[in-house]
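Reading through the structure tokens given below for one structure.
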Amino acid sequence: MSDNVAANVLEDLAAMGIAASPHAFEIWHTHKSGLDPALSHAIADHQRTGQPLTSVVLEALYSTHILNGKTIRVAERSNRAVLMEIDGIVELIRISLGSSTSYSETLSMLLGDMVKTNDPVALKDIVSTLVHATKETQFLNRKLETGLKAAKIEVTELRKTLEDTRLEALKDALTGISNRRHFDQILQEAIDTCHHNRTSFALVMVDIDHFKHFNDVHGHLTGDKVLRVVAQSLREKFPKKVTVARFGGEEFAVIMPDADLMAGWVGAEAARQSIQARELVKRSTGEKMGRITVSLGVGVWRRTESSTSLISRADSALMQAKRNGRNRTVTEDQINLVAVA
């Protein structure tokens, strides 16, 4: 790593008001070094919008351009290692089979010789040859067994590495919950399951109220904390079978299997109240920074409906909640009702 590039990275992050976290540093260093043209292009596109680069934006770039790249590279290395292990196992088995065939042929030949002779010396030589062939075969079989055990351990570890990498690729780097890719995958699986079983499920869209205010007043590190608090609250409030994902920016999504509109509303309201009950306090000073509130929209999948249509309807309910004053839950059957003060 060039010291000049590293110094420039720190200066740039400081100028943008972004803490030099490991992810932020790696993103900006990769960009400044020109190692990932696609990343640099994405940064240029964002800058052209006139919107500031924030830690939230950098985390999204990290997930897309760095984490996914690492996942692919780790998977490739693990796959190559597995193939090498398999080649080694095949070779051991080939040697073992070869030795077994040779042993059988030797045994058959020696037994034939034993039947043909009564010479004690010749019989002794035959037995000696047979003992030697048996020991050699036993040695090769033990070697095969040891090699197979070692290969089994290695393949198990490689399988775990691949599984860990797969799971990591489905997590949001900042909050630790499911990312957008995993959400899209689970949503389609839920649609396929419900289409087959003729059942339904609820989708809850969640947006943090006045999130920009937290960033502007308290800084982006506090904004990151807000995102983590909301993610943790949602994950704790819903059962394990429910998928909680970061949909993008300050918006989250919750997939509730086997839930109708009322069950979706009940779950969403419980989560909203749990989040509102938490008050942010700055550890260093004890300063109270206010309570977090969220607006939520609930939709239920309709038979033959696409994922895009369901997301749009739940998101419309979310927008209705914001128009109605925020910090509330609106279901799809309440869309376009007159806003209340």
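Using a/c under 1.5 as the rounded threshold, could you call segment 284-323 rounded, prolate or oblate? The axes a ≥ b ≥ c are square roots of the C-alpha gyration tensor eigenvalues, and prolate needs a/b larger than b/c, oblate otherwise.
On the way: a/c = 5.23, a/b = 3.28, b/c = 1.60.
Since a/c reaches 1.5 and a/b is larger than b/c, the shape of segment 284-323 is classed as prolate.
Rank-order 41-54, 258-271, 292-305 by packing density, defined as the average count of other C-beta atoms within 10 Å over each peptide's residues, highest first. Mind showing how you got there, number by number?
Numbers: 41-54: 12.7, 258-271: 18.6, 292-305: 21.3.
Descending packing order for the listed peptides: 292-305, 258-271, 41-54.
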Interchain or sequence-distant (5+) residues whose placed amide H lies within less than 5 Å of the amide H of S178 are D172, V244, R246
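Can you tell me which of 198-206, 233-241 comes out highest on packing, and rank the rest after it, using the mean Cβ neighbours within 10 Å?
In decreasing order of mean packing, 198-206, 233-241 become 198-206, 233-241.
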Would you pull out the residues with amide H under 5 Å of T331's amide H, same chain only if 5 or more places away, H placed 1.01 Å from N? V298
Would you kindly derive the ³J(HN,Hα) couplings of segment 39-56 from the backbone phi angles with the Karplus curve 6.51 cos²θ - 1.76 cosθ + 1.60 (θ = phi - 60°), listing them in order in whole Hz, with x for Gly and Pro? 5, 4, 5, 5, 5, 4, 4, 5, 5, 5, 6, x, 7, x, 7, 10, 4, 5
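Each value in this text was obtained by applying a stated rule to the coordinates, not by laboratory testing. On a predicted model such as this, the values are computed, not experimentally measured, just so you know. A quick note on method: Cβ atoms are made from the backbone with ideal geometry, for glycine too, and the neighbour counts reach across all protein chains shown.
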